[in-house]
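First comes the structure, then the notes that go with it.
The values are calculated or read from the model by the stated rules, or taken from the named source; none is laboratory data. Worth saying up front: this structure is predicted, and the values here are computed from it rather than measured. Virtual Cβ from ideal backbone geometry, glycine too; neighbours counted across all protein chains shown. These accessible areas exclude ligands, DNA and RNA; they are computed on the full protein's heavy atoms, side chains included. Shrake-Rupley method; radii C 1.70, N 1.55, O 1.52, S 1.80 Å.
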Amino acid sequence: MSDQAGYKKRRLSKPNDREQSPSAVDTKRIRSSRDKRDDEKDKEMKSSKTKLQSLPVLAEEEEIQHRQLNEDILYHQKISQQLVDSITKMHKVRQSKSGQSSKELDELQQSCMVNFAMLKKLNRVGHVKCKIAKEKTQQDKMKTDENYLQFQNLLYEFDHLQQEIGRCLEFRSRDESIELVPVTEFFQKAPKEIQKDIESQRDDHLLRLARLDWELEQRKQLDTECQQLQSQTESVQQQIVLLREQLENLQPNLARILDATRPVQDAMRLPLDAVRELHARARMLPEPLFVLFRQSSAFAEARDAAMHVTIEGDLDMAKVFDTTALPAKVEDHHSGESDDEAGHGAAVSSRRRRLTSTATQARSDPLRVASVYPLFVQLVYDTAAGPVTLQFRYSAPLQSVFVRLASSPASGGGKLDPLDSLLDEDDSGSELPRATVHPVSLADLEATLGRPYRWAQRLCGMPVLERKAGGVGEPRSSLDSFLAALRHRMEARAALTSCIAALESTKTPPVSRTDSRLFPNRVSARLAQWQSSSLSEALDAQPHAAAMLELGLVSHRHGWFELTAERGSAKLLSHVAVHPAYPAVGPLFMVKLVWRSERHALNDDAVRDLEEEINNYCSELMTSSPNHLLANQIQRLLCCFDIYLETESEADEGTGAPTEFPKEKVYLRSASGLDGRKPYYFDPGSKCFVPRLVS
Amino acid sequence: MRDNRKLLYTKIYSLQYSFDEKYLAAGNSYGEIALFSVSSALGADLLPDAKRPLRCFRASSSRIFSLASLDNTLISGGGNVIHGFRWNDLTNDETRSPQPAWTINISADSPLDGVLTTSVSGNRLLAGCEDGLIRSWDTGSLKPLTPWSAHEGAVRALCEVSTGILSAGADGMLKLWDSRSEKCVLQRQPELGAALHFICSDGEWVVCGGAVKPTVFYLRQLTPVQTIPCEGVCRSATFFAGRLATCSSRVQLWELGGDPKCVAEAASGLRWACRASNTLLATAGSNPSIELFSHRGYRATTLSWV
């Protein structure tokens, strides 16, 4: 019991105390105030413990430590057996019910009690042993934990150190990134003190150090060199700037000198400057114009001093001119193009918009579409009639050269174009010779650009296909023939102008003296009026004009005039179509006679014969000069008019009617041949009128 | 240009069929003869060249006023010269410019007095000239025979009939000549002073006209029977398909009684010449086209000089 009490006390004690057994190792503990209080309490417990130590409980504990487990087990068995025996004895005794029982019972009971006490002790022992064992294991555990922790620490340190080692081993010093010269070279080149031969050959580290040292020195040297060179370049740069300035200043000086020489040039008649400038401009010309310029300037120098060639126009605009502009495409061609981009709907529609805008531009501004090159070649040619100025311009989109007559001595002839049919008969410049589709209407361009004549294309070296069956014409037409044709044309045109002026003013055909032998002395019919007219007017007034138009003898290109002659009550109305190539092609007359009735070529054979007489036999009237053709034709017309009236009157004589026109001309028969031809032809030899004979 | 001008004023004066009526020759005011193929012109296939001459050449140096046919020879007369071309030469393609087989030069006083009309009578070739003479040659030997004076003005037309030779002149006289004696047997004057231009006969009747309206005469006595009321001046007429075809500005077919049968419009200009074959009537005048009419009166086709 007492040990139970003590045991209980011990169980109630704080766990701290339990650990703090006298055999426990007292580890270092950080003292705190609370711990201090605990310590005090521990001290109290300790004091109580010492008191308790005197108790048999503590003595028992010592005893317990010495007991062996096997012995305890045997003792336990023995005790339990004893118990069993006593109990059986007790049982027997109770069974026997004898008087001796109470003493035996009491003895047995005591022995049982003792055994029970022993069992309890054994139990205690067991418990205490357990407790001791547990304490021991606990302590051992703690130790192992500590050791384990230390072990971990050491492992960690080990790892750490290994890492460090590794890092140190991996360390790449900056010196390794420096490219050093190979060792052999080093030994060859480096100075002795850096080399430290013997040592460096043995020790790699020293060798490396030595090499680094040398490298450093070398680099320093090179750096100084670099600085020097840089300063040199800068100085050179400055020099360059200086020289450049000087050069720029030189240019205006030279120009001034050139200006100063100009009067000298003029005095010596060597227009070097002008020629140089002209050649500089010539270099800017597009190819066809250049060809023309070269040809014509060479021609002017070599052959014909009457011709002067210059290049006019805006040089600055020519410099920025975009010569790669494509020819303008017409909307009709668009359907073919859009097939290529069938997949791109948006692209097609945008193209369509752009093309229509080009087309509308073309309608609004044909000059822009024509995209004419700013420079043009100007030819001034002195003819007998006066100076003729021709301007040749080139349009790349239309691929043609346009010719404009800036000034000419021949301004008359109505709307007759002086350059029409200059070398070819049907070359009126009304179509683009090379393009088949016209993006612009040529009539719009006529005022500023002129017309694209085929002879102009040929002069400029651009090939032109001939319409006739003759095949491809020569690519280069000779300048000679062109100038000759131009000369003749201008002279003819001037003559025509003067003739027309005379007709308008004096109302008599200006027949020259030499030509007057072609006509009789007296012509009674008089010219009443001469004025300009047009194709439509002729078609309205003259019934025969339609047949002529069908045969292609007249057209819009002809110059049209209206002529009125009268004699007595008879009136003659005639329309004259003058071909641009007059007098190579004679003028065509359409005649309508009004005398008692309207007579013309379709209803009166005599009038038809009259027309034939005037129209078909022009060569006779050009014996003195081709330029008198028109005047002579008109005079002949008046003579034939006279003859007609007189022969008709003569025929009337037979009927007894009064004759209005007495016979004045000399002729034998008023009608001859099967068809009763009138004697329209005046024979200059016999000086009388005879019917025209075909020879 | 020059050619077109010439074309504009071309007049076709004379027409002549070949003896087998397959070809038609036309002579114009410039002395050219054009040969057309009638069958190809009327053929079913519309070749543009079918309406153009097979060949066209300069036959004479003066206007060709008349064409006549003698056996296998085409006779062209005009100015002072009469040419004879062989039909074989003309239709043969090889010869470029056929040469006349023979040429007769008329010795007239002036070039104005040239041949206006030719005719073949028996074995004689007759030419009526502008000076009023009728000249004649032997067809075989081409020897000139004696000319005789026929009219005061020009001899405009000649026609051979069974009883002799009829001639019409610018003096307005129609005279019948005896072939052998060359004497005027009969003469008539349809109208005073009106020049006559043509004569045509179909054996029983004679029609002549010009400035006067065509008058029908009975051949035997040359008695005037009927006047055809033709519009305008009729320059030429011929018998065609039993009727009389007159050519003025229009081509008309008449019954001899004076009733008009039908009218066909022609091209503009006066019709100078007309010639009839069995099936076709060809007319030509003051423009370079020849019109062919069928006997029903409609225009079959037009041949063009170009």
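For the stretch B:138-162, filtering for residues that are more than 14 Å from chain A (Cβ to nearest Cβ), in contact with a Leu (Cβ under 8 Å, 6 or more places away or on another chain), touching a residue at least 40 places away in the same chain (Cβ under 8 Å) and part of a strand (DSSP E or B) leaves 3.
Condition first: under 15 Å from A:Phe482 (Cβ atoms) and either among the aliphatic types (A, V, I, L, M) or in a strand (DSSP E or B) (or both). Now tell me which residues in the stretch A:274-308 satisfy that. Those that are under 15 Å from A:Phe482 (Cβ atoms) and either among the aliphatic types (A, V, I, L, M) or in a strand (DSSP E or B) (or both): A:Val291, A:Leu292, A:Ala298, A:Ala300, A:Ala306, A:Met307. Taking (1) in contact with a Gly (Cβ under 6 Å, 6 or more places away or on another chain); (2) over 20 Å from A:Tyr394 (Cα atoms); (3) at pLDDT 80 or above; (4) open to solvent by 50 Å² or more (accessible area, probe 1.4 Å) in turn, A:Gly414 satisfies each apart from (3). In the condition set (1) more than 14 Å from every other protein chain (Cβ to nearest Cβ); (2) closer than 30 Å to B:Glu152 by Cβ, B:Asn88 is compliant with all but (2). Taken over the stretch A:483-492, residues that are open to solvent by 50 Å² or more (accessible area, probe 1.4 Å) and either in a loop (DSSP other than H, G, I, E, B) or closer than 18 Å to A:Val578 by Cβ (or both) amount to 2. Every condition in (1) without any contact (Cβ under 8 Å) to a residue 24 or more places away in the chain; (2) not in a strand (DSSP E or B) holds for B:Asn278 except the one numbered (1).
Selection within the stretch A:613-622: residues that are touching a residue at least 40 places away in the same chain (Cβ under 8 Å) and surrounded by fewer than 22 Cβ atoms within 10 Å (Cβ to Cβ). The member of this set that is farthest from the other protein chains (Cβ to nearest Cβ) is A:Glu620. Here are some residues: A:Leu553, A:Leu503. Which one is of a type in the set (A, V, I, L, M) and closer than 30 Å to A:Ser649 by Cα? Unique residue meeting the criteria: A:Leu503.
The strands (runs of 3 or more DSSP E) located wholly in the stretch B:30-128 that include 3 or more residues which are farther than 22 Å from B:Ser236 by Cβ and of a type outside the set (Lys, Arg) occupy B:81-86, B:102-105. From the list B:Gly172, B:Gly209, B:Gly203, the lone residue that is more than 14 Å from every other protein chain (Cβ to nearest Cβ), of a type outside the set (Lys, Arg) and surrounded by 15 or more Cβ atoms within 10 Å (Cβ to Cβ) is B:Gly209. Among the conditions (1) open to solvent by less than 30 Å² (accessible area, probe 1.4 Å); (2) without any contact (Cβ under 8 Å) to a residue 24 or more places away in the chain, A:Ala495 misses just one, which is (2). Against the list (1) touching a helix residue (DSSP H, G or I) at 6+ places or on another chain (Cβ under 8 Å); (2) open to solvent by less than 10 Å² (accessible area, probe 1.4 Å); (3) more than 14 Å from chain B (Cβ to nearest Cβ); (4) over 17 Å from A:Leu518 (Cα atoms), the condition A:Glu646 fails is (1). Each residue in the stretch B:134-149 was checked for being open to solvent by 20 Å² or more (accessible area, probe 1.4 Å), of a type in the set (Gly, Ala, Ser) and touching a Lys or Arg at 6+ places or on another chain (Cβ under 8 Å), and 0 pass.
So which of A:Phe661, A:Phe682 ends up being in a strand (DSSP E or B), surrounded by 18 or more Cβ atoms within 10 Å (Cβ to Cβ) and more than 9 Å from every other protein chain (Cβ to nearest Cβ)?
A:Phe682
Look at (1) surrounded by 17 or more Cβ atoms within 10 Å (Cβ to Cβ); (2) more than 12 Å from chain B (Cβ to nearest Cβ); (3) outside any loop (DSSP other than H, G, I, E, B) and you find that A:Pro583 fails only one, number (3).
Restricting to the stretch B:38-69, and then to whatever is touching a Gly at 6+ places or on another chain (Cβ under 8 Å) and open to solvent by 30 Å² or more (accessible area, probe 1.4 Å), can you tell me which residue is farthest from the other protein chains (Cβ to nearest Cβ)?
B:Arg58
Identify, from the list A:His558, A:His575, the residue that is farther than 20 Å from A:Phe519 by Cα and more than 14 Å from chain B (Cβ to nearest Cβ). Every option except A:His575 fails the conditions.
Only one of the numbered conditions (1) in contact with a Ser or Thr (Cβ under 9 Å, 6 or more places away or on another chain); (2) within 14 Å of another protein chain (Cβ to nearest Cβ); (3) assigned to a helix (DSSP H, G or I) is not met by A:Ala631, and that is (2). Candidates in the stretch A:539-578 are the residues that are surrounded by fewer than 18 Cβ atoms within 10 Å (Cβ to Cβ) and part of a helix (DSSP H, G or I); of these, the one that is farthest from the chain's Cα centre (by Cα) is A:Ala541. Just checking, how many residues over the stretch B:165-199 are part of a strand (DSSP E or B) and of a type in the set (S, T, N, Q)? Adding up the residues that qualify gives 2. When A:Ala651 is tested against the conditions (1) in a loop (DSSP other than H, G, I, E, B); (2) open to solvent by 50 Å² or more (accessible area, probe 1.4 Å); (3) within 12 Å of another protein chain (Cβ to nearest Cβ), the lone failure is (1). Within the stretch B:1-29, residues that are within 14 Å of chain A (Cβ to nearest Cβ) sit with their Cβ atoms under 7 Å from residues that are of a type outside the set (D, E, K, R) and in a helix (DSSP H, G or I), at 6+ positions apart or across chains, in these pairs: B:Arg5/A:Asn615; B:Leu8/A:Ala547; B:Leu8/A:Met548. The residues of the stretch A:593-612 that are away from every other protein chain (no Cβ under 14 Å) and either in a helix (DSSP H, G or I) or of a type in the set (Val, Ile, Thr) (or both) amount to a single one, A:Val594. Reported count of residues in the stretch B:216-253, each being closer than 23 Å to B:Ser14 by Cβ and part of a strand (DSSP E or B), is 14. B:Tyr9 satisfies every condition listed in (1) closer than 24 Å to B:Trp87 by Cβ; (2) touching a Ser or Thr at 6+ places or on another chain (Cβ under 9 Å) except (1).
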